[in-house]
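Taking it in order: structure first as structure tokens, then the write-up.
The values are calculated or read from the model by the stated rules, or taken from the named source; none is laboratory data. The structure displayed is predicted, hence computed values, not measured ones. For neighbour counting, all protein chains shown are included, and Cβ atoms are generated from backbone atoms with ideal geometry for every residue, glycine included.
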């Protein structure tokens with residue numbers, strides 16, 4: 001496996017649901033010529049894998065047992081993003097409602113988190129580019145606590161709900177806000193993503209546009225390259 005050069009910069013981006021971690025991180029990676037790793041996709045892929053095999057996602061023992069047959073691949077080029085489980089392209093399928101409603105059950109299983117965290121580290125280490133931006137839960141504190149740049153991307157509850165609602169026009173604002181709060185509550189049981197750990201930069205995008213948020217993240221990364 002090709003490993004990243006010693007000068008490669010690892011950027012870790014954490015934050016609550018609806019904060020823009022994925023879109024901002026991908027855009028920043030594209031601007032900087034970095035790789036981009038969406039870690040949340042792995043939890044969704046595990047959930048799809050479990051559901052595809054008829055396993056109850058709340059049955060932790062069976063979920064753990066399914067990891068032996070879980071073969072995962074993800075595109076880290078921001079312009080060539082894909083997610084596969086085995087030979088099946090699940091890029092779109094992992095965003096379906098049935099996965100959305102079950103992913104918190106699988107993501108809270110410690111053995112699942114340990115399994116995918118080890119996978120994330122291998123993917124980060126194998127990046128051939130000058131840097132890689134990895135975003136998702138536990139990135140700044142567990143997966144890559146020694147990353148050259150660590151960022152907590154956050155926004156007010158109202159701003160996050162509004163942005164998520166714009167992405168999901170088929171749902172009412174109330175439904176979207178309720179789902180976002182439920183996701184935060186579920187994820188907070190296994191990860192502290194609302195408060196920046198020591199050495200982690202906070203970018204609050206409540207009053208920033210999408211472009212301004214990207215600029216703020218890129219500026220922090222460029223500073224970390226010096």
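If you check residue 45 against the conditions, is it assigned to a helix (DSSP H, G or I) and touching a strand residue (DSSP E or B) at 6+ places or on another chain (Cβ under 7 Å)?
Values: assigned to a helix (DSSP H, G or I): yes; touching a strand residue (DSSP E or B) at 6+ places or on another chain (Cβ under 7 Å): yes.
For residue 45, the condition - assigned to a helix (DSSP H, G or I) and touching a strand residue (DSSP E or B) at 6+ places or on another chain (Cβ under 7 Å) - is met.
Between a first residue in the stretch 87-104 that is in contact (Cβ under 8 Å) with a residue 40 or more places away in the chain and a second residue that is assigned to a loop (DSSP other than H, G, I, E, B) and surrounded by 17 or more Cβ atoms within 10 Å (Cβ to Cβ), which pairs have beta carbons less than 6 Å apart while being 6 or more apart in sequence or on different chains?
Filtered contacts from the stretch 87-104: 102/57.
From the list 93, 61, which residue is surrounded by 15 or more Cβ atoms within 10 Å (Cβ to Cβ) and not assigned by TED's automatic domain parsing to the domain that holds residue 135?
Testing whether each residue is surrounded by 15 or more Cβ atoms within 10 Å (Cβ to Cβ) and not assigned by TED's automatic domain parsing to the domain that holds residue 135 leaves just 93.
If residue 67 meets every condition in (1) farther than 22 Å from residue 127 by Cα; (2) at pLDDT below 95 apart from one, which number is that one?
(2)
What are the residues in the stretch 22-40 that are in contact with a strand residue (DSSP E or B) (Cβ under 7 Å, 6 or more places away or on another chain) and surrounded by fewer than 23 Cβ atoms within 10 Å (Cβ to Cβ), if any? I'd like the intermediate steps shown before the answer.
Initially, the stretch 22-40 is screened for residues in contact with a strand residue (DSSP E or B) (Cβ under 7 Å, 6 or more places away or on another chain), giving 22, 24-26, 28-29, 32, 34-39.
Answer for the stretch 22-40, where residues must be in contact with a strand residue (DSSP E or B) (Cβ under 7 Å, 6 or more places away or on another chain) and surrounded by fewer than 23 Cβ atoms within 10 Å (Cβ to Cβ): 22, 26, 32, 38.
Answer with yes or no whether residue 24 is outside any helix (DSSP H, G or I), in the same structural domain as residue 213 (by TED's automatic domain parsing), modelled with pLDDT of 95 or more and under 15 Å from the mean Cα position of the chain (by Cα).
Values: outside any helix (DSSP H, G or I): no; in the same structural domain as residue 213 (by TED's automatic domain parsing): yes; modelled with pLDDT of 95 or more: yes; under 15 Å from the mean Cα position of the chain (by Cα): yes.
So residue 24 fails the test.
Need the failing condition index for residue 17 against (1) buried (at least 19 other Cβ atoms within 10 Å of the Cβ); (2) modelled with pLDDT of 95 or more; (3) not assigned by TED's automatic domain parsing to the domain that holds residue 117, just the number.
(2)
Checking the structure you have, find out if any residue of the stretch 104-121 is touching a strand residue (DSSP E or B) at 6+ places or on another chain (Cβ under 9 Å) and within 20 Å of residue 23 (Cα to Cα). Before you say what the answer is, go through the steps one by one.
Within the stretch 104-121, the first condition is being touching a strand residue (DSSP E or B) at 6+ places or on another chain (Cβ under 9 Å), and the residues that meet it are 116, 119-120.
Next cut, within 20 Å of residue 23 (Cα to Cα) only: 120.
Yes, some residue in the stretch 104-121 is touching a strand residue (DSSP E or B) at 6+ places or on another chain (Cβ under 9 Å) and within 20 Å of residue 23 (Cα to Cα).
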